[in-house]
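Note sheet for the following structure.
The values are calculated or read from the model by the stated rules, or taken from the named source; none is laboratory data. None of these values were measured; they are calculated from a predicted model. Cβ placement follows ideal geometry from the backbone for every residue including glycine, while neighbour counts extend to all protein chains displayed.
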Amino acid sequence: MDGLTNKDLAVLMHLKRANVDYGKSIAINTGIPLEEVLQILDKLEAMGLIERVRGGGKTLKRSVARFKLSNEVRKHHVYYRLSRRGELLIRSIKRSNSAGKG
């Protein structure tokens, strides 16, 4: 997709693996500086590739946020996940990568 850098793709791939995560954790897991991750998240959200996690309750279960260490955490961060559009993009990237290997 035009306009996406390797770091943008790293954040998207991390969110695919993590399901739901927040900026600081994404920075730690990808090795991208936090300020840059926050800019990337804003960019990807504006592009419609990720969305903020909203919804009931003040806690988030580890079954949803796979990279969390405790079973349940308070939602005191802004959490993000791939949007449907982001899921489709990741799927198409994986397909084109596997087609190139064959």
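Val37 meets all of the listed conditions (1) surrounded by fewer than 16 Cβ atoms within 10 Å (Cβ to Cβ); (2) in a helix (DSSP H, G or I) but one, namely (1).
Taken over segment 76-98, the criterion of being of a type in the set (S, T, N, Q) and over 22 Å from Ser25 (Cα atoms) is satisfied by Ser92, Ser96, Asn97, Ser98.
Within segment 22-50, the set of residues being charged (D, E, K, R) and either free of Cβ contacts under 8 Å to residues at least 40 places away in the same chain or in contact with a Lys or Arg (Cβ under 8 Å, 6 or more places away or on another chain) (or both) comprises Glu35, Glu36, Asp42, Lys43, Glu45.
Within segment 3-23, restricting attention to residues that are small (Gly, Ala, Ser) and not in a loop (DSSP other than H, G, I, E, B), which residue is surrounded by the most Cβ atoms within 10 Å (Cβ to Cβ)? Break it down stepwise before answering.
Taking segment 3-23 as the starting set, the residues that turn out to be small (Gly, Ala, Ser) are 3, 10, 18, 23.
So of that shortlist, the ones also not in a loop (DSSP other than H, G, I, E, B) come out as 10, 18, 23.
Working: Ala10: 17, Ala18: 21, Gly23: 18.
Among residues in segment 3-23 that are small (Gly, Ala, Ser) and not in a loop (DSSP other than H, G, I, E, B), the one surrounded by the most Cβ atoms within 10 Å (Cβ to Cβ) is Ala18.
Among residues that are under 12 Å from the mean Cα position of the chain (by Cα) and among the polar types (S, T, N, Q), Thr5 is not included. Is it the case, given these coordinates, that Ile26 is hydrophobic (A, V, I, L, M, F, W, C), modelled with pLDDT of 95 or more, part of a loop (DSSP other than H, G, I, E, B) and within 11 Å of Val11 (Cα to Cα)? No.
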